[in-house]
1. Does Tyr40 satisfy the criteria of being farther than 24 Å from Val148 by Cβ and within 15 Å of the chain's Cα centre (by Cα)?
2. Within the range 49-68, is even one residue touching a Gly at 6+ places or on another chain (Cβ under 7 Å) and modelled with pLDDT of 95 or more?
3. Taking the stated definitions as given, is Asp43 in the same structural domain as Thr125 (by TED's automatic domain parsing), farther than 17 Å from Trp161 by Cα and not aromatic (Phe, Trp, Tyr)?
4. Among the candidates Ile189, Ile122, Ile150, Ile117, which residue alone is in contact with a helix residue (DSSP H, G or I) (Cβ under 7 Å, 6 or more places away or on another chain) and β-branched (Val, Ile, Thr)?
5. In the list Val72, Val41, Val88, Val115, which residue meets the criterion of being modelled with pLDDT under 95, β-branched (Val, Ile, Thr) and surrounded by 15 or more Cβ atoms within 10 Å (Cβ to Cβ)?
6. Can you find a residue that is within 22 Å of Ile16 (Cα to Cα), within 11 Å of the chain's Cα centre (by Cα), assigned by TED's automatic domain parsing to the domain that holds Val148 and assigned to a strand (DSSP E or B) anywhere in the range 72-79?
7. Out of all the residues in the range 38-57, which are over 26 Å from Gly113 (Cβ atoms) and in a loop (DSSP other than H, G, I, E, B)?
8. Within the range 58-71, track down each residue that is part of a loop (DSSP other than H, G, I, E, B) and either of a type in the set (Ser, Thr, Tyr) or more than 13 Å from the chain's Cα centre (by Cα) (or both).
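The values are calculated or read from the model by the stated rules, or taken from the named source; none is laboratory data. Since the structure is predicted, the reported quantities are computational estimates derived from the model, not experimental observations. Positions of Cβ are backbone-derived with ideal geometry, glycine not excepted, and every protein chain shown enters the neighbour counts.
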Amino acid sequence: FGCVMSSSSREIVDAIRHGLIQLGLDALIVPSEDAHQSEYVADCDCRRQFVSGFTGSAGTAVITKDQALCWVDGRYYLQASIELDDMVWTMMKSHEQMTMEKWLNENVAQLGGRVGIDGRHISVTSFRKLMKAFQRGSEMGPELDTLVTIEPSDSVVDRVWGDRRPSEPCSRVWAHPEKFAGLSARHKIELVREDMAAELKGS
């Protein structure tokens, strides 16, 4: 599978489904966040927006072999209802409908399916939350490969996006004044090193 030149939501989703088959996956999670867990991201990191057409700053898309769902919060119900192609996507209202974790557990994990997510875009906390949800539905606990982190080189979304993906920004870097940062960068690095050394001693 490779780049899709059309901006049609259906064609993009179909291409992603083809990629899932190639990777032996049954579902793909596409979060809004970038590798730094930012809510407001650069154009090159707007993966959820690319696959779904929904431009809100928060939300999570899930694509399976036969469904495409996008979870959004109350700020975006109206916007998502306009921007999502309802012939392709189902809008899921956060806090009103089944959570993404529960939905994936019932519709994928407990049926023996494998859920993939780009390992750059999920925090340890979110990963553990998903694994806990999958385990809750099974007395035996989840299989080790139920939740699969995808290597950047195998990113389904990036491969479908192809050459149309915007370039990464290249802006100047400046030092945040210490009066706002609280401590100098050098001091913070030393504190991190001390914590790492303490962790190694305790392990």
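1. Details: farther than 24 Å from Val148 by Cβ: yes; within 15 Å of the chain's Cα centre (by Cα): yes.
Judged against the criteria, Tyr40 is a match.
2. No, the range 49-68 contains no residue that is touching a Gly at 6+ places or on another chain (Cβ under 7 Å) and modelled with pLDDT of 95 or more.
3. Details: in the same structural domain as Thr125 (by TED's automatic domain parsing): yes; farther than 17 Å from Trp161 by Cα: no; not aromatic (Phe, Trp, Tyr): yes.
In short, no.
4. Values: Ile189 fails: in contact with a helix residue (DSSP H, G or I) (Cβ under 7 Å, 6 or more places away or on another chain); Ile122 fails: in contact with a helix residue (DSSP H, G or I) (Cβ under 7 Å, 6 or more places away or on another chain); Ile117 fails: in contact with a helix residue (DSSP H, G or I) (Cβ under 7 Å, 6 or more places away or on another chain).
Only one candidate passes the filter, namely Ile150.
5. On the way: Val72 fails: modelled with pLDDT under 95; Val88 fails: modelled with pLDDT under 95; Val115 fails: modelled with pLDDT under 95.
Within the list Val72, Val41, Val88, Val115, the selection yields Val41.
6. Checking the range 72-79: not a single residue is within 22 Å of Ile16 (Cα to Cα), within 11 Å of the chain's Cα centre (by Cα), assigned by TED's automatic domain parsing to the domain that holds Val148 and assigned to a strand (DSSP E or B).
7. Ser38, Glu39, Tyr40, Val41, Ala42, Cys46, Thr55, Gly56, Ser57
8. At the first step, the residues of the range 58-71 found to be part of a loop (DSSP other than H, G, I, E, B) are 58-59, 65-67.
Of everything in the range 58-71, those that are part of a loop (DSSP other than H, G, I, E, B) and either of a type in the set (Ser, Thr, Tyr) or more than 13 Å from the chain's Cα centre (by Cα) (or both) turn out to be Lys65, Asp66, Gln67.
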